[in-house]
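*Asks:* Below is a structure I'd like to ask you about.
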Amino acid sequence: MLDLVASINGVLWGPVLLILLCGTGIYYTFRLKFIQVRKFGEACKLLFGHITFKGGERKEGEMTPFQALSTAIAAQVGTGNLAGAATALVMGGPGAIFWMWISAFFGMATIYGEATLAQTYKTTTDDGEVTGGPVYYIQAAFKGTLGKVLATLFAIFIILALGFMGNMVQSNSIGVAFESVFTARGIAFNPIIVGVILAVFAAFIFIGGTKRLAAVVEKVVPFMAMFYILGSLFVIFMNITEVPNVLRLIVECAFNPAAAGGAAVGITIQQAVRYGVARGLFSNEAGMGAVPNAAATATTSHPVKQGLIQAFGVFVDTLLVCTASAFIVLLTKDYAASGKTGIELAQFALTQHIGSWAGTFLAVMIILFAFSSIVGNYYYGDINMPFICESKTALNVYRAMVVGMVMFGSVAEVPFVW
């Protein structure tokens, strides 16, 4: 019965959500005259003009624009960026990567709109902390009881989806990665050790509030993304002569999956579009309503400026990090015949390129990617908790539950967690 319900939900709701999310991005793109192209240079100028490890200019209770972007990317860039592109390739063929790019392109316009709205309707709590996000502009759009009900539902769902379930998935990925590395070396390893360490670090950051969280992600996220991208570029340059063929394969298979030969047996254009678009949307969270929670807290002279900066985050998350993962796999001979998918396929591909120590490299990347997502996901729930209950006791209970879910996720079985 559960399998039947899941199948029905996948058939009915999957395409509807993809159409709504992509449709919104397409509408914003044309309505705003391709703002993600027209203002890309301005976004870079705004972003890199605020990069500083001293925190930059900020008001009390707020983040710098770069810290807000780092917090958003921390939640966006998770283990899915390592495994997700590989899964899209298996399920949708090489052409899925093309449609992943398309969804990211339109998603930049969606997140621009979300972040701009978040800045417009942000507010300040009694403690002097700046807060904002969909709960506030939902109420502005839908007056009265309807607005209150919709906003409350959003707050509840994002706390459950990211603060609890999402963080359980991330800590599970770290536990599995460590166990695989130690097992490969014949060393017994108990994942509960990872759970305890993660819980302690997470609690330390959570208790420190916005300032400590912003300081952590501001330093971890740029290093994390650049380290992985540089490693990917190393693999790409090792196979530079094959890159034009890979690009051609991606474009051809986007409209004719059979062009990939054995790598895409039985895959249709619909599957290529579905898995590519879904991978892109899941990766960059465009339209999900998560990113605006961080965008609202930035110090900026105009809402549009933060909208442009957050749009750049989609570029980093999907067009750089996910694409890097896809190229590593596509540059690997016989990847389709390996019978692997997800993180195992990514590990297999890296091993073919850089040797047996790829497992350790990938484990380190998973730690950085997953823990940054834990921090970012927690923050989204933290922002929405006061909207449901302003009690500090309730907030502390939420923090304790997140720490508990992080610890539990590290030792739970993978199928149960997913």
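*Asks:* Residue by residue, what Karplus-based ³J(HN,Hα) values in Hz, rounded to whole numbers, does segment 305-316 have, using 6.51, -1.76 and 1.60 with θ = phi - 60° and x for Gly and Pro?
*Replies:* Taking θ as phi minus 60°, the curve returns 4, 6, x, 5, 5, 5, 4, 5, x, 5, 4, 5 Hz for segment 305-316.
*Asks:* Then there is this: Could you provide, to the nearest whole Å², the per residue accessible area of segment 91-194 with probe 1.4 Å?
*Replies:* Working: 4370 Å² over 104 residues.
Here the per-residue accessible area is 42 Å².
*Asks:* Right, another one. Considering only protein heavy atoms, what per residue accessible area in square angstrom results for segment 352-399 with a 1.4 angstrom probe? Present the calculation step by step, with values, prior to reporting the outcome.
*Replies:* Values: 1780 Å² over 48 residues.
Normalised by residue count, the accessible surface of segment 352-399 is 37 Å².
*Asks:* Please report the net charge: other residues with Cβ closer than 13 Å to the Cβ of LEU308, K and R +1, D and E -1.
*Replies:* Within the 13 Å Cβ shell, the charges total +2.
*Asks:* Using 0.36 nm per residue of separation minus the Cα-Cα distance, give me the extension gain between TYR27 and PHE255 in nm, one decimal.
*Replies:* Working: separation 228, 0.36 × 228 = 82.08 nm, distance 2.33 nm.
Stretched fully, the TYR27-PHE255 segment lengthens by 79.7 nm.
*Asks:* May I pose another question? For LYS148 and ALA188, what is the calculated FRET efficiency with R₀ set at 60 Å and r taken between the beta-carbons, to the nearest 0.05?
*Replies:* Values: r = 53 Å, r/R0 = 0.89.
Efficiency computed from Cβ-Cβ geometry: 0.65.
*Asks:* Under a 1.4 Å probe, what is the accessible area of segment 274-350 per residue, stated in Å²? Before the final figure, lay out each step's value.
*Replies:* Numbers: 2330 Å² over 77 residues.
Heavy-atom SASA per residue in segment 274-350 reads 30 Å².
*Asks:* For segment 84-146, what's the relative contact order in percent, using C-alpha pairs closer than 8 Å and at least 6 residues apart?
*Replies:* Working: 31 pairs, mean separation 11.7, N = 63.
Computed over segment 84-146, the figure is 19 percent.
*Asks:* While we're looking at this one, here's another question. At what distance in angstrom do the alpha carbon centres of segment 149-210 and segment 93-127 lie from each other?
*Replies:* After rounding, the separation between the Cα centres reads 24 Å.
*Asks:* I'd like the carbon and sulfur percentage of the solvent accessible area for segment 350-390, probe radius 1.4 Å, heavy atoms only, ligands and nucleic acids excluded.
*Replies:* Working: 820 of 1280 Å².
Carbon with sulfur: 64 percent of the solvent-accessible area.
*Asks:* Also, I was wondering about something else. Between PHE34 and THR124, what length comes free when the chain is fully extended (0.36 nm per residue of separation minus the Cα-Cα distance, one decimal in nm)?
*Replies:* On the way: separation 90, 0.36 × 90 = 32.40 nm, distance 3.25 nm.
In short, 29.1 nm is gained.
*Asks:* While we're looking at this one, here's another question. Considering Cα pairs under 8 angstrom that are at least six residues apart, work out the relative contact order of segment 322-418 and quote it in whole percent.
*Replies:* Working: 33 pairs, mean separation 13.8, N = 97.
The value is 14 percent.
*Asks:* Further, regarding this structure: Between GLU42 and ARG248, what is the label-point separation in nm under the 7 Å Cα-to-beta-carbon projection?
*Replies:* 4.0 nm
*Asks:* Then there's this: Is the C-alpha gyration tensor of segment 297-418 telling us rounded, prolate or oblate? Criteria: a/c under 1.5 is rounded; beyond that, a/b larger than b/c is prolate, otherwise oblate. Walk me through the numbers on the way to the answer.
*Replies:* On the way: a/c = 3.21, a/b = 1.52, b/c = 2.12.
In terms of gyration-tensor shape, oblate.
The values are calculated or read from the model by the stated rules, or taken from the named source; none is laboratory data. As the structure is a computational prediction, the values presented were derived from the model and not from experiment. FYI the Cβ positions are ideal-geometry reconstructions off the backbone, even for glycines, and counts take in every protein chain you see. Accessible surface is based on the protein model in full, side chains and every heavy atom, while ligands, DNA and RNA are left aside. Shrake-Rupley method; radii C 1.70, N 1.55, O 1.52, S 1.80 Å.
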